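Structure record follows, encoded as structure tokens.
Bear in mind that the values in this text are calculations on the coordinates, not laboratory data. Treat the numbers as computed from the prediction; the structure is a model and nothing was measured. Cβ atoms come from the backbone with ideal geometry, glycine included; neighbour counts cover every protein chain shown.
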Amino acid sequence: TLSYFEIYNELINDLFDPRNVKLGLGGDSNFGMKVRGLKEKDVTGAEECFALLQNAERRRKFVDMRTSFNRRSHSSSIIQLNVKVRANPTAACESSASPQLYKTASFFLVDLASSSSSSELEAQGSNMHKSLYTLRLIL
């Protein structure tokens, strides 16, 4: 599965579903801390992942700088990819419900927020530290 969200001014927003804003954190017995209400897309290949991410990227919070080619994100964005593979692909057992037959892994790709100047960073420092704390809880 694939998830894509941002943390902007301490708020967690689902980039796959623009209606999912101000999401909260909750405990999960399998993964520890998890974003509640986050949409997870089932994907089967790289092309499908790239198309979903490219579409969702338009929903991120950006600030236009002086030139049209220079945009900075003021949100931290996180891509979570959960991979599930058959532990023993040659096993004769056809039961897909048995958890012993699969291995899972989670990958997190993080793009941290940036600021255009040290004075801007200083002005946003408090919110950025809080957003980084929220990110730490999730990862």
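Derived scalar couplings between HN and Hα for the stretch 11-23 equal 9, 9, 10, 7, 7, 7, 9, x, 7, 8, 10, 6, 6 Hz in order, rounded to whole Hz, by the Karplus curve 6.51 cos²θ - 1.76 cosθ + 1.60 (θ = phi - 60°), x for Gly and Pro. Note that the stretch 39-56 has calculated 3J(HN,Hα) couplings of 6, 10, 9, 7, 10, 10, x, 5, 4, 5, 4, 4, 5, 5, 5, 5, 5, 6 Hz, one per residue in order, obtained from phi through the Karplus relation 6.51 cos²θ - 1.76 cosθ + 1.60 (θ = phi - 60°); glycine and proline are x. Note on ARG59 and LEU101: their simple-model spin labels are 3.4 nm apart, each label 7 Å out from Cα toward Cβ.
In this model, which of LYS22/LYS84; LYS61/LYS84; LYS39/LYS103 are farther than 24 Å apart at the alpha-carbon? Spell out each step's value before the answer.
Values: LYS22/LYS84 29 Å; LYS61/LYS84 31 Å; LYS39/LYS103 22 Å.
As for pairs spanning more than 24 Å Cα to Cα, those are LYS22/LYS84; LYS61/LYS84.
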